Amino acid sequence: MAQMIEFQRPDGATSQGYLAEAAAGAPALILIQEWWGLNDHIRSLAERFAAAGFTTLAPDLYRGRLASSADEASHLMTGLDFADATHQDLRGACQRLAAGGRKVGVLGFCMGGALTVAAAVHVPGLAAAVCFYGIPPAGLADPAQIKIPFQGHFASRDDWCTPAAAAALEKSMRAAGAQPELYHYQADHAFFNSARPEVFDAACAQLAWERSLDFLRRHLHP
């Protein structure tokens, strides 16, 4: 079953998100949108993760707005308060999913990957994080402060989350004593997005999917 729900933020306001339920007692996952918004691709991914055994909540960070072009997406992302999204929307989603004592992970793509790093640093109660080609501004979150299991997926042909940026993330985490599980793909940014045939790489996406599920099962199942 999948549907839009409301959940409470720590500040008492409410947010909406797309909730795809797995079996009772299943571990949970916060799924963070790309810069396009909570579109059909992200909803279908929530359902796919639920079918794989994770109750999944994708918060609607743009409050119902969607982008159909890169210019629109850039405008929406630029207008997003990343700190508010992290400390309020994502923390509220974690609290909603953690009810009943189940473990909660976080996974995001592009902009959502950057927010995954921020959530891994700032949101209490998360048990694992999976980041796809996104790194936040230094002022929002320092990856060296991540204390939970972390997996990252990065593309070799990426001019936004560049290979150099991915290398710097790894260096800072390892210098802090962390042991991130990082993978690099000969692919373009957004290679996982099957709704974008110009960048989608089926083989890389399948491998990243399998690695993500293995990681989440290792760290979120009892």
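Where a number appears in this text, it was derived from the coordinates with a stated rule and is not lab data. Predicted, not measured: the structure shown is a model, and the values here were computed from it. Note: ideal-geometry Cβ built from the backbone for every residue, glycine included; neighbour counts use all protein chains shown.
Can you list the residues, at least 5 places off or on another chain, whose amide H is less than 5 Å from the amide H of Val130, using H built in the peptide plane?
Val106, Leu107, Gly108, Gln151
Please turn the phi angles of segment 31-43 into ³J(HN,Hα) values with the Karplus equation 6.51 cos²θ - 1.76 cosθ + 1.60 (θ = phi - 60°), one per residue in order, whole Hz, x for glycine and proline.
After applying 6.51 cos²θ - 1.76 cosθ + 1.60, I find 10, 9, 4, 6, 5, 6, x, 7, 9, 4, 4, 5, 4 Hz.
Just check segment 49-105 against the gyration tensor rule for me: Cα atoms, a ≥ b ≥ c as the square roots of the eigenvalues, rounded for a/c under 1.5, and otherwise prolate or oblate depending on whether a/b exceeds b/c. Walk me through the intermediate numbers first.
Values: a/c = 3.59, a/b = 1.76, b/c = 2.04.
Note, shape of segment 49-105 comes out oblate.
In percent, what relative contact order does segment 2-220 have, based on Cα pairs under 8 Å that are 6 or more apart in sequence? Please list the in-between numbers first.
Details: 476 pairs, mean separation 35.0, N = 219.
Averaging sequence separation for qualifying contacts and normalising by length gives 16 percent for segment 2-220.
With a/c under 1.5 counting as rounded, go ahead and sort segment 2-220 into rounded, prolate or oblate using the C-alpha gyration tensor (a ≥ b ≥ c being the square roots of the eigenvalues; past the cut-off, prolate if a/b is larger than b/c, else oblate).
Rounded, because the longest to shortest axis ratio a/c is under 1.5.
About the Cα centre of the chain, how large is the charge dipole given +1 on each Lys and Arg Cβ and -1 on each Asp and Glu Cβ? Please answer in debye to the nearest 20.
Working: 17 positive and 22 negative charges, 155 e Å.
That gives the chain a dipole magnitude of about 740 debye.
Can you grab the distance from the C-alpha centre of segment 60-74 to the C-alpha centre of segment 125-189, Å, no decimals?
Here the answer is 24 Å between Cα centres.
Where in segment 42-73 is the amide nitrogen less than 17 Å from a point lying 7 Å along the Cα-to-Cβ axis of Ser194?
Answer for this model: 42-54.
Is segment 135-222 rounded, prolate or oblate when judged by the Cα gyration tensor, a ≥ b ≥ c being the square roots of its eigenvalues, rounded requiring a/c under 1.5 and prolate requiring a/b larger than b/c?
Details: a/c = 2.24, a/b = 1.24, b/c = 1.80.
Oblate, because a/c is 1.5 or more while a/b does not exceed b/c.
Over all Cα pairs of segment 25-79, how is the pair count split among 5 Å bins, expressed in % and running from 0 up to the last occupied bin?
5, 22, 27, 18, 13, 9, 5, 1, 0
Tell me, what ³J(HN,Hα) does each residue in segment 71-85 have, in order and in whole Hz, if you take phi through Karplus 6.51 cos²θ - 1.76 cosθ + 1.60 with θ = phi - 60° and put x for Gly and Pro?
5, 5, 4, 4, 4, 5, 5, 4, x, 7, 7, 5, 5, 5, 4
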